[in-house]
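Reading through the structure tokens given below for one structure.
The values are calculated or read from the model by the stated rules, or taken from the named source; none is laboratory data. Keep in mind that what you see is a predicted model, and the values were worked out from it rather than measured. Positions of Cβ are backbone-derived with ideal geometry, glycine not excepted, and every protein chain shown enters the neighbour counts.
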Amino acid sequence: EELLDNTPTVTAYQLKLWKWMADYYLCTEGEILKSALPSALLIESETVIEPHPDFDLTAIDEAEELNDSEYLILQALQKQSLLKISEIILILDKKTIFPVINAMAEKGMILINQELNRQYKPKLQKYIKLADHFASETELPGLLESLERAKKQKQALLKLFSLEAQTKQPVSAKVLKEEAGVSEAVVKALVDKSIFEEYYVRKDRVVYQGEASSSKINLNEYQQKALEDIEHGFEKLPVCLLKGVTSSGKTEVYIKLIEKVVNQGKQVLYLLPEIALTTQLIQRLQDFFGDEVLVYHSKYSVNERVEVYRHILEDSKGKIVIGARSSIFLPFQNLGLVVVDEAHESSFKQFDPAPRYHARDTAIVLASFFKAKTLLGTATPSLESFYNVKQDKYAFAQLSRRFGNVVPPKVELVDLKDQQRKQKMTGHFSETLIKAIETTLKEGQQVILFQNRRGYSPILECNTCGHAPQCPNCDVSLTYHKHNNTLRCHYCGYHIAMQTKCMACGSNDITTKGFGTEQIETELNSLFENKVIKRMDLDTTRGKYAYEKIISAFENREIDILVGTQMLTKGLDFRHVKLVGVMNADSLLNFPDFRAHERSFQLLVQVAGRAGRTEEQGQVLIQTYNPYHRILQQVTTNSYDEMFKEQLDERRHFKYPPLYRMVKVTFKSRDLNKLNQASDWLALYYRQIFTSHVLGPEFPGISRIRNEYHKNILIKIPQEQSLSKTKYYLKTGVDKFKSIAQFRSVKVILNVDPY
Ligand code: ADP
Ligand code: ZN
Ligand code: ZN
């Protein structure tokens, strides 16, 4: 019916990648398409109704056989000859729309059609030029004469000439009106006389302000060596891991590498975890590359996202794309390099909905289609990536010194048991930590405190009967939030007012257990009364620029102490932080997940890395009840290699990645019985095929969320077992399962390489 685009919106490379993703991650290409294209580019069909040509709309007031709904619809169609469902909702109740319009169509009153729509609307700017038939100089004197009596029009005409001559650029209607000091009516009069012609040009909504500053980057000898190692590595292998301690200047190495690729006329993808996608980093790249930098941000509007998409598709602007995981879906034309910064971050893996892909791994595949290179950069590589280095699958480069001879921070453990025994605790603060904060603030330096839990306190417990308020929809206790005096569920958002009495027995004797960032903030306010204390967690960063505001206030030293969750750990570069305190390392270590130890190591090393990034040595204090824990010991000595070796041994012993692959099968249902039967059925089916390495079905730590029960089967796949065959059987199992009527209400989800 209609040609929507003159050129394809999707490239052959994209289709190839999506096919690969559907195969690898066991999902459909449709699911991928939905997350891959900016939603405003998707074409949606909407049901619309029109009056039937043979039906007499003018007679409806007399027609007796019409019911109320029909009358209302026909009345609306008198005013407007086409109605969309979104407009009918304003007239009829949602449930009755289709019965009503279907009946009307049958009675020959209306026609039901489909309309294709795309939400994206380009932003157009109006330009003005002299009509072509006046272009020859002989016409001009006559033209000017004809405007003798229309002073303003003549003024506008002369201004157009002089602007064109001055700027040698097309002149927009807006500029012309401003410069000539005339109104819209004057311009319109000239257009009506066919002296001016209007035309429209697509305009960017996103403003690309960056101007490359002339400052050059001179790599130090270690960075230079790392760059050379990376380039040598790339001669043999398509992927290289750069392991560089925090503040070693990895970004500068990326910039040098990017520069070379851009100079070859190729595109670069710079992947970051969403949360690390800060103005800080974008600024650094823009300082160097100016408006070559495009950002693909989830905070952009749907229209803005389409524009970035088009620039990349047309290779019309910006060779360098910075974005979070979904930017692997963009329509690159000639990709030369992918940089995955903070490559260890688990947020590169999409959890929900499908496709449940890992952006790091997918990026490597994407790059391979272009014969491009991938650089994974991090201070704390994932076991998977470092294992690939050990297996000679990835090249390796390293930066083991901080830039500018800054010494690494001194990391110490504070034994909480010991401090408790000696009665040296004030709330959740050990005397050691309080003293260190005092000293730091006295020196005019800043402090970061890390607590991996938001809210005030995760558990409210009755001392009389032991009751703790639970979420009615989820299998978790409610977290107390002090600032608005509520009890909240962090899974479904359910909340009630804080209770002063036990809801079970009415007792007044209620205590809070455990603590979150809010409680730390409260305690700090009474410990350090005249200091500026701010909190950075999900609750304080909901607004569009809230996160940026806190960061820049901290950079400008308007904040003395910043308390926060792991948001604080993501590659932020603050100049004046001397002390970093970890309130409680044990909650990280005790998390029930096979990656908990690896992740604790990464998180602690990353938080520690925020301390002392300039001249003076930074200090890191980690409070814990287990000062002899291996991981904590390894953090204090920054012994990545030792951590790697020990964790890898454990993974080998207990058959976990990177030595085994895993697929998780999740069942969800509101009906617990059905859930149990369904998961048992599929587990049995898989056991018959795979004989071993099928675990479960088992309830996860939180077995009910939003009133849906969850259960998992975990399938481990040994290296020597064929991946494609295994996946084939996994899929067949799910297909068979779906054909069983009694399980129809049970959702089943396959998650390849789950996190
Ligand atoms: P990383 O990403 O490895 O943690 P950064 O790239 O943030 O480290 O570098 C740490 C600091 O050192 C930054 O402030 C950065 O500007 C500075 N820096 C690193 N390399 C150079 C260089 N070659 N010239 C000037 N400054 C540098
Ligand atoms: Zn009670
Ligand atoms: Zn809940």
Considering only residues of region 490-510 that are without any contact (Cβ under 8 Å) to a residue 40 or more places away in the chain and not in a loop (DSSP other than H, G, I, E, B), which is surrounded by the fewest Cβ atoms within 10 Å (Cβ to Cβ)? Ala497
How many residues are buried (at least 21 other Cβ atoms within 10 Å of the Cβ), within 16 Å of ligand 2 (Cβ to nearest atom) and among the β-branched types (Val, Ile, Thr) if we restrict to region 440-489? 0
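Sort out which residues of region 462-489 are within 27 Å of Glu523 (Cβ to Cβ), more than 16 Å from ligand 3 (Cβ to nearest atom) and part of a loop (DSSP other than H, G, I, E, B), and write them in order of number.
Within region 462-489, the subset within 27 Å of Glu523 (Cβ to Cβ) is 462-464, 466-471, 476-489.
Pick out the ones that are also more than 16 Å from ligand 3 (Cβ to nearest atom) and you get 462-464, 466-467, 482-485.
Hits for region 462-489 are Asn463, Thr464, Gly466, His467, Lys482, His483, Asn484, Asn485.
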What pairs come up if the first residue lies in region 434-457 and is on the phi > 0 side of the Ramachandran plot, the second is part of a loop (DSSP other than H, G, I, E, B) and not β-branched (Val, Ile, Thr), and their beta carbons are under 6 Å apart, counting only those six or more places apart or on different chains? Gly455/Gly516
Here the residues within region 544-575 that are assigned to a loop (DSSP other than H, G, I, E, B) and in contact with a helix residue (DSSP H, G or I) (Cβ under 8 Å, 6 or more places away or on another chain) are Ile559, Asp560, Thr565, Lys570, Gly571, Leu572, Asp573, Phe574, Arg575
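Against the condition within 16 Å of ligand 1 (Cβ to nearest atom) and modelled with pLDDT of 90 or more, how does Gln446 come out, does it pass?
yes
Could you tell me whether region 531-538 includes any residue that is within 16 Å of ligand 3 (Cβ to nearest atom) and either buried (at least 21 other Cβ atoms within 10 Å of the Cβ) or assigned to a loop (DSSP other than H, G, I, E, B) (or both)?
Of region 531-538, the ones within 16 Å of ligand 3 (Cβ to nearest atom) are 538.
From what is left, the residues that are either buried (at least 21 other Cβ atoms within 10 Å of the Cβ) or assigned to a loop (DSSP other than H, G, I, E, B) (or both) are 538.
Scanning region 531-538 turns up at least one residue that is within 16 Å of ligand 3 (Cβ to nearest atom) and either buried (at least 21 other Cβ atoms within 10 Å of the Cβ) or assigned to a loop (DSSP other than H, G, I, E, B) (or both).
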Taking first residues from region 1-30 that are within 22 Å of Gln119 (Cβ to Cβ) and second residues anywhere that are part of a loop (DSSP other than H, G, I, E, B), the pairs with Cβ under 8 Å that are 6 or more apart or on different chains are Thr9/Leu37; Thr9/Pro331; Val10/Leu37; Val10/Pro331; Thr11/Pro331; Thr11/Phe332; Thr11/Gln333; Gln14/Pro331
Could you give me the residue pairs with C-beta distances under 7 Å whose first residue belongs to region 378-397 and is buried (at least 23 other Cβ atoms within 10 Å of the Cβ), whose second residue is part of a loop (DSSP other than H, G, I, E, B) and among the acidic types (Asp, Glu) wherever it lies, and which are 6+ apart or on separate chains? Thr378/Glu342
Starting from residues that are farther than 11 Å from Ile322 by Cα and touching a Ser or Thr at 6+ places or on another chain (Cβ under 9 Å), keep the ones in region 281-299 and report whichever is surrounded by the most Cβ atoms within 10 Å (Cβ to Cβ). Phe288
Whether any residue in region 454-471 is under 30 Å from Gln617 (Cα atoms) and more than 16 Å from ligand 1 (Cβ to nearest atom) is what I want to check. yes
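If we scan region 400-408, do we find a residue that is part of a loop (DSSP other than H, G, I, E, B), modelled with pLDDT of 95 or more and more than 16 Å from ligand 3 (Cβ to nearest atom)? Before the answer, list the steps.
Within region 400-408, the subset part of a loop (DSSP other than H, G, I, E, B) is 400-402, 406-408.
Now narrow it down to the ones that are modelled with pLDDT of 95 or more: none.
So far as region 400-408 goes, no, none of its residues is part of a loop (DSSP other than H, G, I, E, B), modelled with pLDDT of 95 or more and more than 16 Å from ligand 3 (Cβ to nearest atom).
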